[in-house]
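Chemist: My questions all concern the structure below.
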Amino acid sequence: MAGAMLLLAGCGSVDGKREGGPTASPTPTTAANGVADVPVKLGDPYTIAGVTYTPADIPDYDDVGYASWYGEELGGKPTANGEIFDPAAISAAHRTLPLPSYVEVTALDTGRTILVRVNDRGPMVGDRLVDLSRGAAEQLGLTDGVSAVRVRRTNPPAAERAQLRAGKPVPERIATPESLLAILRSKAKALPVPKAAIAAATPVIAQPAAPIASGTAKPGDDRFVVEGPGTTKPTPAAAAKPAASAAKPAATVAGKYVVQVGAFSAESRANAAAKSVDGHVTKAGTLWRVRVGPFASDAEARGALGKVKAKGFRDAVVQRDR
């Protein structure tokens, strides 16, 4: 980050120590497009679809999981820290890292590693660790809906931070040695594979809208307003609430088109999502699929799609049953 450096939630090594909120640099740097690294935002715990996420400042953050990616459907819209999302830029969404943060993302199938700027919240559903922008996914060489990755926080040089703030990639890191890759791959194999992205027609599983930064945010006192299906304000009572009750059973109306909202590994989360969009839940292998419909025409389905996306499931898609 241009000067605050993430002593916040993340991955890698950061100079200095801090227990409070983000500390701004005395000379914050802003890119030509108005993107800056300060103020750094952390935020309170927030709850989406019955799951509570707690942003945290972990300077040595280092984790293995699955990455998906999102693209043009959100182009031009604000990210959780108020920036404008550029699908071609090298950026990412993470549930708890400070915004912005810088991380090294390693593709475990190839060992390739790139530097990415985290400026958004997500992914909010599915067994995924991070959502990459289209530009980041392309630089890393990810072509599948989901891929196993390592996400490690780091403190890159000022020149590289400026390059990413401008939306441009920086050179790849040295490829990860096979000996380390073997260890990381074994960790990834112990995780449940997020097959939901395969079930959907788009590269990213539908997910509720990310938390939005408060307009009164300031260092050490940043807040996020959570909007989207199944959300509650971050209070102890909300965090303790059980998942929403079961949604209605699948509709029996004749039709060839449906809105695929998403697929979930937990039935309770699928029920919560279905309830928010007046959809239905069906079992699909080891997953719970949420759909709205069926509809008699593509036009009717697309009308429903707009309503589903307005509820926060921005990656929902119309599918034709065959």
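Laboratory data are not the source of any read-out in this text; all were calculated from the coordinates shown. Just so you know, these numbers come straight off a predicted model, no measurement behind them. Positions of Cβ are generated from backbone atoms using ideal geometry, with glycine treated the same way; all protein chains shown enter the neighbour counts.
Chemist: List, in the order given, every pair from Lys168/Lys189; Lys283/Lys307; Lys77/Lys309; Lys275/Lys309; Lys168/Lys309 whose Cα-Cα distance in the structure shown is over 22 Å.
Modeler: Lys168/Lys189; Lys283/Lys307; Lys168/Lys309
Chemist: Name the long-range amide H neighbours of Gly262: under 5 Å, sequence gap of 5 or more, or other chain; modelled H, no Pro or chain starts.
Modeler: Under 5 Å from the amide H of Gly262 lie the amide H atoms of Val290, each far enough along the sequence or on another chain.
Chemist: Provide the gained length on full extension for the span Asp44 to Thr110, in nm with one decimal, where the gain is 0.36 nm per separating residue minus the Cα-Cα distance.
Modeler: 20.1 nm
Chemist: Would you mind ranking Thr113, Thr79 by Cβ crowding within 10 Å, fewest neighbours first?
Modeler: Lowest to highest Cβ neighbour count: Thr113, Thr79.
Chemist: Which order do the peptides 157-164, 105-112, 174-181 take when ranked by the mean count of other beta-carbon atoms within 10 Å per residue, highest first?
Modeler: Result, highest mean Cβ count within 10 Å first: 105-112, 157-164, 174-181.
Chemist: Rounded to the nearest 0.05, what FRET efficiency do Glu267 and Thr54 give with R0 = 35 Å and r taken as the Cβ-Cβ distance? Could you check?
Modeler: 0.90
Chemist: With θ set to phi - 60° and the Karplus curve 6.51 cos²θ - 1.76 cosθ + 1.60, what are the ³J(HN,Hα) couplings of region 60-66 in order, to the nearest whole Hz, using x for Gly and Pro?
Modeler: With the stated coefficients, region 60-66 comes to 9, 3, 7, 9, 10, x, 10 Hz.
Chemist: Only counting other Cβ atoms within 10 Å, I'd like Asp37, Asp44, Asp127 sorted with the fewest neighbours first.
Modeler: Asp44, Asp127, Asp37
Chemist: Label Ala166 and Asp298 with points 7 Å out from Cα along Cα→Cβ: what is the distance between them in nm?
Modeler: If labels sit at Ala166 and Asp298, their model points lie 4.2 nm apart.
Chemist: Still on this structure, I have one more. State the Cα centre-to-centre distance between region 83-98 and region 99-175 in whole Å.
Modeler: Computed from Cα coordinates, the inter-centre distance equals 9 Å.
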